Amino acid sequence: MINKTSAQKKLQVYGYLFTLPFVIVFLIFNLWPTIYTFMLSLGDLRGLKSSFHIVGFVNFAKLVQDRYFWGAVGNTFIIWGLNFAPQLGLALLFAVWLTNVKLRIHGKNQFRALFYMPNLLTATSVAILFRSLFAYPIGPVNQMLMSIGVVPEAFQFFRSIPASRLIVAFIQWWMWCGQTLILLMAAITSISPSMYESAVIDGANEWQCTWKITVPMLRPMMFYLLITSMVGGMQMFDIPFLLTDMHGGPDYKIRTSAVYMYNIAFQGRNDYSYAAAISIGMFIITIILAVLINYITKERTPKSRLGGTK
């Protein structure tokens, strides 16, 4: 018994030693920056100052009335919506298609690699690529559109609000659709084949099996994708920042909340405390929306009627 207890203690010590690096990294690079950001949001640090004083919730009161912040939040959700809706729809379509045993599609792994490949590219290289493709007036897209007679002269894509938003949304869709596809395929392959066999025996066709079995069984995965995509959308920074004039032009309609936070902190005003308040505001909005989405999509059991009928 003594040997067993000492062996258990030794295993516990080893367990603590193996988890210690993660704990240290988390405390230094995650927990402390989060705490410091909240402290900074309550201060007045700006410009070249190295210290700050606590001023309370002044920055948050200013944030609530900041129409530029709410405009950036609105831009963020518009671009995210233009990206997520087709991303989920097309990824679901391809996932059902590639996992269908009856179709006997060859090269499924190659398709997965091909769809996932854009996710491996860096945002900087992608932004430079699309900036060159849609350049004015001699970009390849303008040259092609003029050669086939779609437009009489070169079009300035990055001077047009709808075109700029669609380009940013398309890049986000192109880069992340592969990851969504792989997750949906993994979820579909985890569904028991016996459910489809029972449905076919009962006379269900291919469409009914997909709509009545596959889609409902994918509900947890689609909820996970919705939440993670929304969190990523609130942090959308690199593509809108690099693809435009670093301020979310034209007319600040491509400026996301993360770009606005960067502009306040490191461009012009250098108001670090207010930028920290913006980041806390983004976090609060994300939490509220996550709870709201969870409440709306939560499965509810019908309430049973207590007592007899009159």
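Scan the stretch 1-13 and give yes if some residue there is of a type in the set (V, I, T), open to solvent by 50 Å² or more (accessible area, probe 1.4 Å), in a helix (DSSP H, G or I) and modelled with pLDDT of 95 or more, otherwise no. No, the stretch 1-13 contains no residue that is of a type in the set (V, I, T), open to solvent by 50 Å² or more (accessible area, probe 1.4 Å), in a helix (DSSP H, G or I) and modelled with pLDDT of 95 or more.
The set of residues in the stretch 46-79 being within 18 Å of Y262 (Cβ to Cβ) and of a type in the set (F, W, Y) consists of Y68, F69, W70.
With the condition being open to solvent by less than 50 Å² (accessible area, probe 1.4 Å), in contact (Cβ under 8 Å) with a residue 12 or more places away in the chain and among the β-branched types (V, I, T), I'd like the helices (runs of 4 or more DSSP H) fully within the stretch 60-171 carrying at least 2 qualifying residues. Quick ask: steps written out before the conclusion?
Values: elements: 67-98, 108-116, 123-133, 140-147.
Where helices (runs of 4 or more DSSP H) fall fully within the stretch 60-171 and carry at least 2 residues being open to solvent by less than 50 Å² (accessible area, probe 1.4 Å), in contact (Cβ under 8 Å) with a residue 12 or more places away in the chain and among the β-branched types (V, I, T), they are 67-98.
Taking the criterion of being closer than 29 Å to K253 by Cβ and among the basic types (K, R), the residues of the stretch 30-84 that qualify are R46, K62, R67. Count of the stretch 66-76 residues, restricted to those that are touching a helix residue (DSSP H, G or I) at 6+ places or on another chain (Cβ under 7 Å) and either small (G, A, S) or under 16 Å from S229 (Cα atoms) (or both), is 3. The residues of the stretch 196-218 that are at pLDDT below 90, open to solvent by 70 Å² or more (accessible area, probe 1.4 Å) and in a helix (DSSP H, G or I), listed by number, are E197, V200, I201, E206, W207, Q208, W211, K212.
Pick out the one residue from T34, T19 that is assigned to a helix (DSSP H, G or I), of a type in the set (S, T, N, Q) and open to solvent by 80 Å² or more (accessible area, probe 1.4 Å). Spell out how you get there, then give the answer.
Values: T19 fails: open to solvent by 80 Å² or more (accessible area, probe 1.4 Å).
After ruling out the rest, the residue left standing is T34.
When T301, T309, T256, T297 are checked against the criterion of being among the β-branched types (V, I, T), within 21 Å of the chain's Cα centre (by Cα) and at pLDDT below 90, T297 stands alone in meeting it.
Pick from D251, D245: which is among the acidic types (D, E), modelled with pLDDT of 90 or more and not in a helix (DSSP H, G or I)? From the options D251, D245, the qualifying one is D251.
Can you give me the number of residues within the stretch 37-59 that are open to solvent by 80 Å² or more (accessible area, probe 1.4 Å) and either assigned to a helix (DSSP H, G or I) or farther than 14 Å from I280 by Cα (or both)? Let's see the steps before the verdict.
Step one: filter the stretch 37-59 for residues open to solvent by 80 Å² or more (accessible area, probe 1.4 Å), giving 38, 46, 48-50, 53-54, 57-58.
Filter again for either assigned to a helix (DSSP H, G or I) or farther than 14 Å from I280 by Cα (or both), leaving 38, 46, 48-50, 53-54, 58.
Of the residues in that region, 8 qualify.
The values are calculated or read from the model by the stated rules, or taken from the named source; none is laboratory data. Owing to the predicted nature of the structure, the values given are computational and were not obtained by experimental measurement. Heads up, the Cβs are rebuilt from the backbone with ideal geometry, glycines too, and the neighbour counts pull from every protein chain shown. We work out accessible area using only protein heavy atoms, side chains counted, and drop any ligands, DNA or RNA first. Shrake-Rupley method; radii C 1.70, N 1.55, O 1.52, S 1.80 Å.
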